[in-house]
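Throughout, read-outs are computed from the coordinates displayed, never taken from laboratory work. This is a predicted model, so every value here is computed, not measured. Positions of Cβ are backbone-derived with ideal geometry, glycine not excepted, and every protein chain shown enters the neighbour counts.
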Amino acid sequence: MRRVITYGTFDTLHHGHIRLLRRAKSLGDYLIVALSTDEFNALKGKQAMFSYKDRKYDLESLRYVDLVIPENSWEQKTTDIQLYHVDVFAMGSDWTGKFDFLKEQCEVVYFERTPGVCSSSIRESMIAATK
Ligand code: C2G
C-alpha cells in the first residue's frame, strides 16, 4: 500500500484542487489530505469562506481522498509522515522547493498548479455578488 499525503485549505473546492488531488492519488493507493483548520488558516493569514467541517465534508466526498486529518501547524509534516507511513508528499508548484527537507523521509512531488482558478478570486466574486 503506497500512501500519499498532501496539505491545504481547499476552500471553495474547485477543479484546480481536484486536479491536484487526482494526480496525487495517481502516485499511490491511499491519499491522506491534511486539511488546514480554521485556527491554522488564521496563522497562514487566510480567511476561508467555508468552515473546517464543510471543507472536510467536501474532501471526504471525493473518490480520490481516503482520509482527511487536521493540519494544525507548519511543523506536523515530519510526524505525519512517520505516523501514517507516508511514501509520497505531494503539493502544487506554488510550493516548489519549500518542502524539500522532507526528502529524507519520503518522495517529494510538486505538481504544476492549475492556471486561471483560485479560491481567493472565487471568494471575492461570491462576496461581491451578495452586495
Ligand atoms: N492548487 C492547484 N491549483 C490551483 C489552486 C491550488 O494546484 N489553481 C493546489 C495548491 O498548490 C495546493 C493545493 O491545491 O497544493 C491546496 O491549495 P490551497 O488550499 O490554496 O492550500 P495552501 O493555502 O497552499 O496550503 O502546509 C501547506 C499549506 O497548508 C498549503
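Please work out whether segment 47-97 counts as rounded, prolate or oblate from its C-alpha gyration tensor, where a ≥ b ≥ c are the square roots of the eigenvalues and a/c under 1.5 means rounded, while otherwise a/b larger than b/c means prolate and anything else oblate?
On the way: a/c = 1.55, a/b = 1.36, b/c = 1.14.
Prolate shape, in that a/c is at least 1.5 and a/b is the bigger ratio.
Taken along its principal axes, the alpha carbon cloud of the chain reaches lengths of 49, 27, 26 Å, longest axis first. When you count the other C-beta atoms within 10 angstrom of each residue and take the mean per peptide, 8-16, 42-50, 29-37 line up highest first as 29-37, 8-16, 42-50. Only lysine pairs 8 or more places apart, or on different chains, with alpha-carbon atoms under 28 angstrom apart are counted in the chain, and they number 27. Computed from phi, the 3J(HN,Hα) profile of segment 91-98 under the Karplus parametrisation 6.51, -1.76, 1.60 (θ = phi - 60°) reads 8, x, 5, 5, 10, 3, x, 5 Hz, with x in place of Gly and Pro.
Can you bin segment 15-78 into rounded, prolate or oblate? Criterion: square roots of the alpha carbon gyration tensor eigenvalues sorted a ≥ b ≥ c, rounded for a/c under 1.5, prolate for a/b above b/c, oblate for the rest. Note, shape of segment 15-78 comes out prolate. Build a GNM of the chain with springs between Cα atoms under 10 Å apart, and of 20, 67, 83 the one that fluctuates most is 83.
So what is the relative contact order of the chain, in percent, for Cα pairs below 8 Å that sit 6 or more residues apart?
Relative contact order here is 31 percent.
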